[in-house]
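Below is one structure; the comments refer to it alone.
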Amino acid sequence: GRGGNNNHSNIKNLSICHANIRGLAENKLRAIKTMLAEKFDIITLSETFLNPGSNTNLELQGYHQIIRRDCPTFGGGIAVYIKENIFFKCKINFESSNLETIWVEVNTLERKVLICTIYRPPNNILFWDALTANLDLIKSNSNSQLLILGDLNADPETSNGRKLKEICMSHNLRMHINEPTRITG
């Protein structure tokens, strides 16, 4: 089973990070162990490139068993590592068949936090409507603090970036990344 034995985690503040891993293999897992595992309570990943037949040992010492959602085609895929001392629930009922998401609810001493790991493939034009519908569902079924991490392929100065800003404004969410994180030709 997933989660812990208590109703809440005995922690006040969570340290969380997201990495676009571009293939979760043994070498990338070593990098997570040495660079992220000691600093973060929750590690979310996008572009894991895993499929149900992947046989790499993905255990991370001190963390619950990996939570993952593989992409049926090459590319994509998301995953979450949560430290063993943190109680959480997977909110599968919040997932949408039209989105690559993992929703988990974490209980800290002060509040419930609903954490979404998400990946938007660059050419997915139906994504924004699906995300809006998903957030409407979440807002009507939860009053937890909401945190969304992932790779949305939506640099702020593009039409996708503008759509993301609109969605954040209409759902009372604050964007923490306001400049491109990867620049290509």
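Annotations
- Charged neighbours of residue 168, selected by a Cβ distance under 12 Å, balance to +3 (K, R count +1; D, E count -1).
- Residues of type lysines that residue 89 reaches as a straight line, Cα spacing below 19 Å, ignoring anything fewer than 8 places off in the same chain: 12, 112, 139
- Projected label points at residue 133 and residue 59, each 7 Å from Cα along the beta carbon direction, are separated by 4.1 nanometres.
- Among the listed pairs 33/163; 28/165; 39/163; 83/165; 33/165; 28/83, those beyond 29 Å (Cα-Cα): 33/163; 28/165; 39/163; 83/165; 33/165
- Answer label, with Cα Rg over 2.2 N^0.38 Å calculated from the coordinates and candidates (1) 1.01; (2) 1.24; (3) 1.09: (1)
- Amide hydrogen proximity for residue 50: with H placed 1.01 Å from N in the peptide plane, the residues at 5 or more positions away or on another chain lying under 5 Å are 24, 71.
- Environment charge at residue 24 (Cβ cut-off 13 Å; Lys +1, Arg +1, Asp -1, Glu -1): +2
- Estimated 222 nm signal from helices in the chain, with DSSP H stretches of n ≥ 4 weighted -39500 (n - 2.57), rounded to 500: -6500 deg cm²/dmol
- Accessible area per residue, Å², the chain with all protein chains present, probe 1.4 Å: 58 Å²
- For residue 79, net neighbour charge (Lys/Arg +1, Asp/Glu -1) across residues whose Cβ lies under 12 Å away: 0
The values are calculated or read from the model by the stated rules, or taken from the named source; none is laboratory data. Everything numeric in this text was worked out from a predicted model, so none of it was measured. Neighbour counts are summed over all protein chains in view; Cβ atoms, including those assigned to glycine, are modelled from backbone coordinates with ideal geometry. Areas reflect the complete protein model, heavy atoms only, side chains present, ligands, DNA and RNA absent. Shrake-Rupley method; radii C 1.70, N 1.55, O 1.52, S 1.80 Å.
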